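Input: a single structure, listed below in structure tokens.
Derivation of every value follows stated rules applied to the coordinates shown; laboratory data play no part. These figures come from a predicted structure and were not determined experimentally. Positions of Cβ are generated from backbone atoms using ideal geometry, with glycine treated the same way; all protein chains shown enter the neighbour counts.
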Amino acid sequence: MLQSFKTFVAASCVLGAISTTVFAQDDVDPNQVLATVNGTEITLAHVIALRSELPQQYDQFPSALLFQGIMDQLIQHTLMMQSIENQASFKSRITIENETRSIMAGEVLQGIVSEEPSEDSLRTLYDEKYPTDLQETEYRASHILVETEDEATALVAELEGGADFATLAREKSTGPSGPSGGDLGWFGAGDMVEPFFNAVVELEQGQVSPPVQTTFGWHVILLAETRDRARPEFDTVKAQLVEEARQSSVEAFVANLREKADITRADTDGINPDVILNFDLLEQ
């Protein structure tokens, strides 16, 4: 589609009469029929919807020029669609169904998140999330991640022998923080997986942990420092609270729909999950 518009814009020098007529109207009807292709109507709403999907690069072109190009594109699409009417591929039919679900779900979602949470609800959420007696400890730690317990034990021995933690992390760690010496920055409760966080809490500043196992592998942890985090001001976290409130509204809405719905799920234990990569199944 983009290439078609590029070709159109490069070749077009004059406006069609239809665009002048529509843009001159004061009371515009989105259902106004602009063209009919073998009985299939193309309305102003179709043109506007297609324009809304164009990437930002098309903002440089006059709307009148794009109007004619979009009209030509819609007519072309309609003709091509009609050439295989009732013969669309299995993949196309399934994709249309998925797109329909996605678009309509997005409309519902937009309706939910467009409602601004009340100040009172945000204050309530703020008090729940940040109680007046909040005094939370934050930790700054580094770690070296390896695959086996033996490797982690060997690292502990090297560190006890005077090896530099950051150097070993850069050389041995398989985690993304390895190149930065294993530094994980500041974090608090809930930011790390439980076994890792529990091990950090038990350390003294500057102390190295024994090997710690998580779902990611085996860790050797160095606690660099700790600090106390006091209750933040409401205004500094208001934007975050708004997003959390909107997310809660979405979750509550979906939960209510689930509760009222009749949902039956087949037993998928016998299906190899890798089947989702078998795109040939759509070529029927």
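General remarks:
- Whole-angstrom gap from segment 124-149 to segment 63-96, using each part's C-alpha centre: 53
- Residues whose amide H comes within less than 5 Å of that of residue 37, counting only those at least five positions distant or on another chain, are 42 (H built at 1.01 Å from N in the peptide plane).
- Using a Förster distance of 51 Å, the FRET efficiency for residue 84-residue 238 (Cβ separation, nearest 0.05): 0.45
- The phi-based Karplus calculation (6.51 cos²θ - 1.76 cosθ + 1.60; θ = phi - 60°) puts the 3J(HN,Hα) values of segment 262-275 at 9, 10, 10, 10, 6, 6, 9, 4, x, 9, 5, x, 5, 4 Hz, whole numbers, x for Gly and Pro.
- Computed over the chain with a Gaussian network model linking Cα atoms closer than 10 Å, the most mobile of 148, 95, 264 is 264.
- Oblate is the label for segment 191-242, because a/c, from the alpha-carbon gyration tensor with a ≥ b ≥ c as root eigenvalues, is 1.5 or above and a/b does not exceed b/c.
- Computed 3J(HN,Hα) for segment 91-102, one whole-Hz value per residue from the Karplus formula 6.51 cos²θ - 1.76 cosθ + 1.60 where θ = phi - 60°, is 4, 5, 5, 5, 5, 4, 4, 5, 5, 4, 4, 5, glycine and proline marked x.
- MRE, 222 nm, helices only [DSSP H, n ≥ 4, -39500 (n - 2.57), over the chain, to nearest 500]: -15500 deg cm²/dmol
- A Cβ-based charge dipole, computed about the Cα centre of the chain with Lys and Arg at +1 and Asp and Glu at -1, lands at about 1100 debye.
- Prolate/oblate/rounded label for segment 134-284 (Cα gyration tensor, a/c 1.5): oblate
- Tilt relative to the chain, helix 149-160 - C-alpha long axis, 0 to 90 degrees, to 10: 60
- At R0 = 30 Å, FRET efficiency that the Cβ-Cβ distance of residue 40 and residue 101 yields, to 0.05: 0.80
- Dipole magnitude for segment 157-284: about 340 debye, using +1 per Lys or Arg Cβ and -1 per Asp or Glu Cβ, origin at the Cα centre.
- For residue 141, the residues whose modelled amide H falls within less than 5 Å of its own, excluding neighbours fewer than 5 places apart on the same chain, are 184, 185, 224.
- Cα-based helix-to-principal-axis angle, 2-11 vs the chain, degrees rounded to 10: 50
- Listed values [x] 66; [y] 31; [z] 52, entry calculated as percent of Cα pairs over 29 Å apart: [x]
- Nitroxide proxy distance, nm - points 7 Å out along Cα→Cβ at residue 57 and residue 180: 3.4
- 3J(HN,Hα) from dihedral phi, segment 31-38, Karplus parametrisation 6.51/-1.76/1.60, rounded to Hz, x for glycine, proline: 8, 4, 7, 9, 7, 10, 10, 6
- Magnitude of the charge dipole, segment 49-115, Cβ model with Lys/Arg +1 and Asp/Glu -1, debye to 20: 200
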